[in-house]
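Remarks on the structure that follows.
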Amino acid sequence: MKRGDLVFVYGTLRRDQAMDMTLLGGEWVSNDAIHGKLYTCGGYPALKLDPDTRDIVIGELFRIRDRKTPMRLDRYEGYPHLYDRVRVQTLTKRDVWVYVHNSEFDENRRIPSGDWIVHQKRERDLVHVL
């Protein structure tokens, strides 16, 4: 990963989330999506790529602005122990980097919408109802 590359983020690195990618040296480009499945790990999501599925994961694209950003991202994502960093193509046919979780997940932890922000809102709304 280097300056100018695109990174697809789908959870806590999205705009207005806990660790907005702009704080790590990213420049917002656009919204996008990739084929895969999203799972909850409690306070953050995990992605499993699946190019053969119709399921999509919603996220955002950021351009890496400086040479320190890849190191900051790797540290934040726990690469290579917790997450792998891989190249994929988005639904809009852009080549991007994305962090994919190393563990297997129970389907009960799956986020059906494929959207971390929608999932968080549903969780907050459920707490208010109870």
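The values are calculated or read from the model by the stated rules, or taken from the named source; none is laboratory data. Worth saying up front: this structure is predicted, and the values here are computed from it rather than measured. Glycine gets a Cβ as well: all are built from the backbone with ideal geometry, and neighbour counts include every protein chain shown. In case anyone asks, the SASA skips ligands and DNA or RNA and just uses the protein heavy atoms, side chains included. Shrake-Rupley method; radii C 1.70, N 1.55, O 1.52, S 1.80 Å.
Couple of notes before you dig in:
- Label-to-label distance, nm, for residues given as Asp52 and Met71 (7 Å Cα→Cβ offset): 4.1 nm
- Placing +1 on the Cβ of every Lys and Arg and -1 on the Cβ of every Asp and Glu, with no other charges, gives the chain a dipole of roughly 440 debye about its Cα centre.
- C-alpha long axis of helix 116-129 to longest principal axis of the chain, angle in °: 30 degrees
- Between the residues Trp97, Gly43, Pro112, the greatest Cα displacement towards the positive end of the dipole of the chain, with unit charges on the Cβ of Lys, Arg, Asp and Glu, is found for Trp97.
- Solvent-accessible area per residue, Å², over the chain with all protein chains present [probe radius 1.4 Å]: 58 Å²
- For Kirkwood radius over Cα pairs in Å, calculated from these coordinates, the label among (i) 15.3; (ii) 14.0; (iii) 14.9: (iii)
- Reported to the nearest whole Å, the Cα centre-to-centre distance from region 71-99 to region 2-22 is 10.
- Residues Asp5 and Ser103, FRET efficiency given R0 of 25 Å [Cβ-Cβ distance, rounded to 0.05]: 0.45
- Each Cα pair under 8 Å and six or more residues apart adds its separation to the average, and for region 1-107 the resulting relative contact order is 33 percent.
- Percent carbon-and-sulfur accessible area, the chain, ignoring ligands, DNA and RNA, probe 1.4 Å: 49 percent
- Lys, Arg +1 and Asp, Glu -1 on Cβ, resulting dipole of region 58-130 about Cα centre, debye, nearest 20: 480 debye
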